[in-house]
Amino acid sequence: MAMNENSLKKVNNASSSPDYTEIAQSASFQKLLKQKRNFILPLSLFFLAFYFTLPILTAYTTVLNKPAFASMTWAWVFAFAQFVMTWTLCILYTKRASKFDELVDTIKKEAAN
C-alpha cells in the first residue's frame with residue numbers, strides 16, 4: 001500500500017511542476033533578462049576595456065612611465081585604480097542583484113498561480 005501512495009505522490013508532483021516554456025515567454029521573465037543584459041553588458045565591456053588598457057599602454061607606449069606623485073608613475077596609479085574599479089563593480093552588482101531577486105520572486109509567484 002505504501003508503494004502505491006509513493007507512486008501517486010510522484011505522479012501528483014510531476015503534474016504540478018511549472019511550465020518552463022511558459023515562464024521563459026512571460027513578460028516578467030523577459031523584463032528580467034532585459035534588465036540584466038542592460039546592466040551586465042555595458043559594465044562587462046567597461047571592465048574589459050579598462051583592464052586591458054594597462055598592459056596595452058605599458059607594452060606599446062611610454063605614457064604611463066611619467067611620474068604622477070613623487071617617484072610613483074602613472075602605471076602604478078592605473079594599476080591601483082583597477083583594484084578600486086573591481087571592488088566598485090562588485091558593489092554595484094550586489095546592489096542591483098537585489099532588484100533582480102525581486103523580479104525573480106515575482107516570476108516565481110506568477111508561475112505558482
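The numbers here are math on the coordinates, done by the rules we state, and not lab data. Note that this is a predicted model, so its numbers are computed, not measured. Cβ: placed from backbone, ideal geometry, glycine included. Neighbour counts: every protein chain shown.
Table for the structure above
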item	result
Residue-count net charge about residue 18 - beta-carbon cut-off 11 Å; Lys, Arg +1, Asp, Glu -1	-2
At least 27 Å along the helix axis (C-alpha) and Kyte average at least -1.0, DSSP helices within the chain	27-60, 74-112
Option label - log10 I(q)/I(0) by the Debye sum over Cα atoms at q = 0.10, 0.16 Å⁻¹ computed here, alternatives (1) -0.24, -0.64; (2) -0.30, -0.70; (3) -0.57, -0.86	(3)
Long-range amide H partners of residue 68 with built H, under 5 Å	73, 74
